[in-house]
Amino acid sequence: MNAKAEPYLARHGNTGYRTTHYDLDLDYRVGPARLAGRATISAVADRTLPEISLDLGIFRVDQVLVDGVAARHSHRAGKLRIRPARPLPAGAPFTVTVRYAGTPKPIPSRWGDLGWERLDDGALVASQPTGAPSWFPCNDHPADKASYRIAVTAQARHTVVANGRLASRETRANRTTWVYEQPAPMPTYLATVQIGRYALVDLAAGPVPQRAAVPPRLVSPMAHDFARQPEMMTTFARVFGPYPFGEYAVVVVDEELEVPVEAHGLSIFGANHVDGRRGSERLVAHELAHQWFGNSLTVADWRHIWLNEGFAKYAEWLWSELSGGEPARVHAARSRRLLVGLPQDLRVADPGERRMFDDRVYQRGALTLHALRLAMGDATFFALVRDWSRTHQHGTVTTEAFTTMARRHTAVPLDALFTAWLYEPTLPPANPS
């Protein structure tokens with residue numbers, strides 16, 4: 001899908017082309033926290049392009065090539081502007097190669113610093129929504145999805161985890177190069193690299209291998225806390241449709257994180273989410289559900305974020321219900337009691353940039369789905385969900401596409417429901433359940 005200008009985060013993302021592949025070769029020195037990179041970006045021009053722009057943080061740019069030919073460039077205010085020797089014709093495939101180096105700095109935002117974060121003995125990357133330029137040049141727009149090859153060289157004592165399948169690992173002179181390949185189209189904000197002294201643990205074999213990278217001291221409690229994840233994967237595949245990727249990984253960083261973070265084909269948890277008592281199991285469900293809703297089905301722009309977070313929140317309630325815990329209706333009632341006491345000034349389908357990650361988007365998004373389930377009935381609702389994930393697998397989605405598909409699945413009138421839940425700020429009356 002050709003990415004249009006992002007209505008919320010207008011300084012991120014670039015128009016005029018669509019990317020098809022990122023090939024990243026990174027060398028990271030943990031001690032000085034220095035990153036040297038070569039990024040080759042394959043793309044197709046949507047129109048004649050005398051200039052190309054990429055998002056890139058504070059790095060020294062040593063070389064820029066377009067189709068192998070040196071190109072003039074400037075790098076200011078987070079934009080790398082490139083002028084090829086000749087304008088690129090509409091419809092033409094092209095490659096841009098950027099060699100760069102420096103100390104990765106997180107991208108400042110209203111939600112804190114995002115992207116590459118230095119750890120005492122490694123690094124973590126959590127980029128949603130605008131942190132990707134902190135470590136590689138990119139078209140930082142959620143609708144611009146591409147395949148990836150990510151090669152990272154680090155000291156041999158460190159484990160490196162990135163998106164996709166581990167294709168190779170080679171050690172030379174006390175440094176190891178890890179190469180990961182992710183063929184499924186991925187937005188930049190879900191690309192990640194995790195570096196640390198981790199033990200690698202297999203959580204499940206079978207059709208979807210599940211693995212974990214975890215600090216050695218946390219291997220035992222983590223094994224208990226994530227023991228039901230394979231069952232969770234089976235349950236979600238039944239209600240959402242087949243798992244959309246070839247593998248699933250979990251990384252537990254040896255730091256405390258406020259919340260876990262999803263990435264493409266993997267999720268990142270903090271050491272505080274491992275207690276040996278499954279105290280964060282709802283978050284395990286939430287992050288796994290994002291592999292369908294957010295990662296395979298990615299929002300066309302950030303206005304539609306409830307399609308990510310509402311589904312993931314509702315997956316917490318569904319896992320509880322389907323695994324023998326409290327049914328979704330109990331969680332919905334609890335959520336409603338919480339929302340009644342909060343301001344009634346947020347439109348779920350267009351919350352505004354400042355409120356993209358407001359907890360009310362999560363809660364009301366999940367309540368919207370529960371109201372829809374009650375209106376349609378279980379059989380029709382879950383048929384809709386599976387159709388939704390199958391039809392738009394590895395694509396981009398909007399609120400309008402979801403509501404249109406829902407109407408096709410039932411003769412029950414849904415206009416009033418969607419207007420009340422998605423477009424009106426006032427919390428609708430309670431549904432009978």
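The values are calculated or read from the model by the stated rules, or taken from the named source; none is laboratory data. Quick caveat, the model's predicted, so the values are computed rather than measured. Cβ coordinates were reconstructed from backbone atoms using ideal geometry, including for glycine residues, and neighbour counts include every protein chain displayed.
Things worth noting here:
- Those strands (runs of 3 or more DSSP E) of the range 25-104 in which at least 3 residues are out of contact with any Cys (no Cβ under 8 Å at 6 or more places or on another chain), considering only elements entirely within it, cover 34-45, 60-66, 72-76, 79-83, 93-102.
- Test result for A285, within 24 Å of L200 (Cβ to Cβ), at pLDDT 95 or above, part of a helix (DSSP H, G or I) and under 21 Å from the mean Cα position of the chain (by Cα): yes
- In the range 43-63, of all residues being buried (at least 16 other Cβ atoms within 10 Å of the Cβ), in contact (Cβ under 8 Å) with a residue 40 or more places away in the chain and of a type outside the set (A, V, I, L, M), the one that is nearest to G16 (Cα to Cα) corresponds to D55.
- Checking S389 against (1) within 25 Å of Q128 (Cβ to Cβ); (2) at pLDDT below 95, the condition it does not meet: (2)
- Output for the range 288-308, where each listed residue is of a type outside the set (A, V, I, L, M), closer than 17 Å to R386 by Cα and in a helix (DSSP H, G or I): N308
- The set of residues in the range 142-172 that are in a loop (DSSP other than H, G, I, E, B) and either free of Cβ contacts under 8 Å to residues at least 60 places away in the same chain or within 20 Å of P209 (Cα to Cα) (or both) comprises A156, R157, N163, G164.
- Within the option set V397, V412, being at pLDDT 95 or above, assigned by TED's automatic domain parsing to the domain that holds I305 and within 23 Å of L297 (Cα to Cα) holds for one residue only, V397.
- Subset of the range 95-136 (residues that are of a type in the set (S, T, N, Q) and over 20 Å from L190 (Cα atoms)): T95, T97, T103
For (1) part of a loop (DSSP other than H, G, I, E, B); (2) under 18 Å from the mean Cα position of the chain (by Cα), each residue gets a yes or a no:
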{"position": "L218", "(1), (2)": "no, no"}
{"position": "A227", "(1), (2)": "yes, no"}
{"position": "E231", "(1), (2)": "no, no"}
{"position": "Y243", "(1), (2)": "yes, yes"}
{"position": "V251", "(1), (2)": "no, yes"}
{"position": "E256", "(1), (2)": "yes, no"}
{"position": "V259", "(1), (2)": "yes, yes"}
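- Given (1) in a strand (DSSP E or B); (2) surrounded by 24 or more Cβ atoms within 10 Å (Cβ to Cβ), number of the condition F136 does not satisfy: (1)
Residue-by-condition table, conditions (1) over 24 Å from the mean Cα position of the chain (by Cα); (2) of a type in the set (A, V, I, L, M, F, W, C); (3) within 21 Å of A143 (Cβ to Cβ):
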{"residue": "E6", "(1), (2), (3)": "no, no, yes"}
{"residue": "A10", "(1), (2), (3)": "no, yes, yes"}
{"residue": "Y22", "(1), (2), (3)": "no, no, yes"}
{"residue": "L26", "(1), (2), (3)": "no, yes, no"}
{"residue": "T40", "(1), (2), (3)": "no, no, no"}
{"residue": "A43", "(1), (2), (3)": "no, yes, yes"}
{"residue": "I58", "(1), (2), (3)": "no, yes, no"}
{"residue": "S74", "(1), (2), (3)": "yes, no, no"}
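- Test for A371: is it part of a helix (DSSP H, G or I) and either out of contact with any helix residue (DSSP H, G or I) (no Cβ under 8 Å at 6 or more places or on another chain) or in contact (Cβ under 8 Å) with a residue 60 or more places away in the chain (or both): yes
- Test result for R337, free of Cβ contacts under 8 Å to residues at least 40 places away in the same chain, basic (K, R) and not assigned by TED's automatic domain parsing to the domain that holds S389: no
- Breaking point among (1) crowded, with 21+ Cβ neighbours inside 10 Å; (2) closer than 26 Å to G115 by Cα; (3) not assigned by TED's automatic domain parsing to the domain that holds P133; (4) not charged (D, E, K, R), for Q182: (3)
- When the residues of the range 358-374 are filtered to those that are over 12 Å from K313 (Cβ atoms) and among the hydrophobic types (A, V, I, L, M, F, W, C), the one that is surrounded by the fewest Cβ atoms within 10 Å (Cβ to Cβ) is L374.
- For the range 8-28, the tally of residues that are of a type outside the set (S, T, Y) and free of Cβ contacts under 8 Å to residues at least 40 places away in the same chain stands at 2.
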